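Beneath this line is the structure, given in structure tokens, with notes to follow.
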């Protein structure tokens, strides 16, 4: 039987294994989540808010434990892991503070009746399918708003993060959430498909690959279930000009190499206007080359391993393909000798459409840099991608940069910052980057019954 297991990506050792659910286990999970919905939906918004506030408090109290768990399981440097824990806590606290207000009845100014109101009601049990790259944050984006609504959650986490998944479930229950309102499931893909099809499940949210999103979306559509899909990205980092080149280069380095480049909204394509290209390339190459890898459990490490040897091998294949077809390798390009899934920070130039690196998402510490004539050329190249998650524009001219940002075919556009995520900002993309929005009040508008109640005299 397929197992969920912790494999330390820093040295390749298997730490612990877990069995997947059997058939009766799947049925118990479905029955529990459905029964839990009947009681959780009946609790007051304030009670649900108080529970989420306790979740946030426990995240703060157990921050070190939580951080070490994901650093061990998927290789995130410990300092970044602590940042993820802090952000996750902030999301739960955001919904605790604002959720009751978001659920207040909306009075509709429509004539012909004594009263017309819109109510936001829960819909039922939901399946969440979450990735390994941000094990807590991705769950918080989904679970926070939906538990606040009164929905219940069946959570399938990535197979390489089982201990972190169990830790989250433990914290929810420690905070007073009923055991049948949030259920961790170690399920196979086939079992998940059956769960999505089950009439007791009312929707599914997936953060993951385009391939996974296509499969889940097909299953959900066939069974008339609502979906939220947060998929891949090939986000641009557009440099129009710079009055502080060192600061812009530092920002580009962070935007590409944070979490070892394993983020859907990382800056994967760096577009620089011709007057600034040579200086920027020289400085960025130097910055990449100077970024050293290390043990993710060491507080001083800034760049950890990829999540697995398979992930490292796939990235090297994409890099080798580009170089073989004529791309310029500015720095990096190789796996690092020794144990662990470490890849050198890599920067490619002269990438052309016949190369995999041109159209595919590079999910690791590898960036592609392009010279563009001007802002219009940058916009054209940026929008050629089949992805449309986010992008950023960098310039001392804020009005000009905003004008460029507004023309990017993405769900999120930034000026002089990249990939900012905060509890009150919507998160999501267009095109092949997915459908739906998470966080803020928009995160509570996906799996919800926007119910009209209209009262008229006879």
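Rounded to the nearest 10 degrees, the inclination of helix 23-40 to the longest alpha-carbon principal axis of the chain is 70 degrees. Between residue 450 and residue 108, the modelled label-to-label distance comes to 1.0 nm, taking each label 7 Å out from Cα in the direction of the beta carbon.
Counted residue by residue at 0.36 nm each, then reduced by the alpha carbon distance between them, the extension gain from residue 14 to residue 79 reaches 21.1 nm. Modelled spin-label separation between residue 246 and residue 422, with each label point placed 7 Å from Cα along the Cα-to-Cβ direction: 2.8 nm. Computed over the alpha-carbon pairs of segment 328-458, the distance histogram in 10 Å steps reads 10, 29, 30, 18, 7, 3, 2, 1, 0 percent, short to long. The convex hull built on the alpha-carbon positions of segment 142-237 has an orientation-averaged projected area of 7.5 nm².
Rg/Rh for the chain: what does it come to with C-alpha atoms and Rh from Kirkwood?
Computed over Cα atoms, the ratio is 0.99.
Compute the acute angle (0 to 90°) between the alpha-carbon long axis of helix 245-257 and the principal axis of greatest extent of the alpha-carbon atoms of the chain; round to the nearest 10°. With rounding to tens, the tilt is 60 degrees. Here segment 289-330 is scanned for amide nitrogen atoms under 19 Å from the site 7 Å beyond the Cα of residue 189 along Cα-to-Cβ, giving 307-315. Model label sites at residue 376 and residue 313, defined 7 Å from Cα along the beta-carbon direction, differ in position by 4.8 nm.
As an exercise, use a Förster radius of 30 Å and the Cβ-Cβ distance of residue 402 and residue 278 to find the FRET efficiency, rounded to the nearest 0.05.
Once rounded, the FRET efficiency stands at 0.65.
Here the chain carries DSSP beta bridges of which approximately 35% are antiparallel, counting only pairs with both residues inside.
Within segment 235-423, the percentage of alpha carbon pairs spaced more than 20 angstrom apart rounds to 51%.
Taking a ≥ b ≥ c as the square roots of the eigenvalues of the alpha carbon gyration tensor, segment 275-360 is oblate, as a/c is not under 1.5 and a/b does not beat b/c. In segment 404-458, Cα pairs under 8 Å separated by at least six residues give a relative contact order of 23 percent. In percent, how large is the relative contact order of the chain, given Cα pairs closer than 8 Å and 6 or more residues apart? Relative contact order comes out at 19 percent. Of interest is the spacing of the C-alpha centroids, which for segment 115-151 and segment 182-242 amounts to 13 Å. Hey, with R₀ at 30 Å, roughly what FRET efficiency would residue 115 and residue 42 work out to, going by the Cβ-Cβ distance, to 0.05? The value I calculate is 0.80.
Since every read-out is calculated from the coordinates, none of them should be taken as a lab result. From a predicted model like this one, the values you see are computed outputs, not experimental measurements. We place every Cβ from the backbone using ideal geometry, glycine too, and count neighbours over all the protein chains shown.
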